[in-house]
Amino acid sequence: MINDIKKDARSRMDKSIEALRQELTKLRTGRAHTSLLDHLHVSYYGSDVPINQVANVNVIDPRTLGVAPYEKSMVPDVEKAILNSGLGLNPVTSGTVIRVPLPSLTEERRKDMIRVVRHEAEQARVAVRNIRRDANHSLKELLKEKEISEDDEHRAQEEIQRLTDAKVAEVDKVLEAKEADLMEV
């Protein structure tokens, strides 16, 4: 029972950190990266599909993405999806290839982005702590029902605290890496 609680807590904490990583890939740094467009959806014969299912997205140079739709008729739809993405990108179409130049970030915009990144990291830390709270609550329930001893409960709580500390440190590393990425000119 205790192992199940710890295993559940570990997997939920890992998912929280993975969600943070996914959220941070959506934030634009000054450098081109194919995952920047991963969350975009394009209307394809009446249904919304991810952009990477209708086009090949690649990095042309450090500040430019290339998007090559598999069908020539999809060029305007893909271009429209990029324009309406809210990322502030202005695609340039040349034939069947859409070039997406990434404007360099201003100092003020970088600071805004860092503020957003720190907020996302804090949300992830809170999520990890909430998972710890849930796990500790489950342990207390087992203790109350006399299914485990007080010593077992105390040891398990200590292990969950160590796991929480490790996961919060992992969140901090992800945050540090993203901040460094954002401040790079």
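No lab work stands behind these numbers, since they all come straight from the coordinates. Everything quoted here is computed from the prediction, not taken from an experiment. Please note: Cβ atoms are built from the backbone with ideal geometry, for glycine as well, and neighbour counts cover all protein chains shown.
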Toy charge model, Lys and Arg Cβ at +1, Asp and Glu Cβ at -1: the chain dipole around Cα centroid in debye, rounded to 20, equals 480 debye
Checking the stretch 104-175 for trypsin sites (Lys or Arg not before Pro) in a loop per DSSP with at most 13 other beta-carbon atoms within 10 Å yields K146
Taking only the alpha-carbon atoms of the stretch 34-101, the convex hull volume per residue, in cubic angstrom, is 74 Å³
Answer in debye to the nearest 20: the dipole magnitude of the stretch 34-101 about its Cα centre, from +1 Lys/Arg and -1 Asp/Glu charges placed on Cβ, is 160 debye
Interchain or sequence-distant (5+) residues whose placed amide H lies within less than 5 Å of the amide H of V54 are none
Here the convex hull volume per residue of the chain, taken over Cα atoms and given in Å³, is 131 Å³
Placing +1 on each Lys and Arg Cβ and -1 on each Asp and Glu Cβ in the chain, then taking the dipole about the Cα centre, the residue among T96, A156, A177 whose Cα reaches farthest towards the positive end is T96
Taking max minus min of the Cα coordinates of the stretch 91-185 on each principal axis, largest first, gives extents in Å of 71, 31, 15
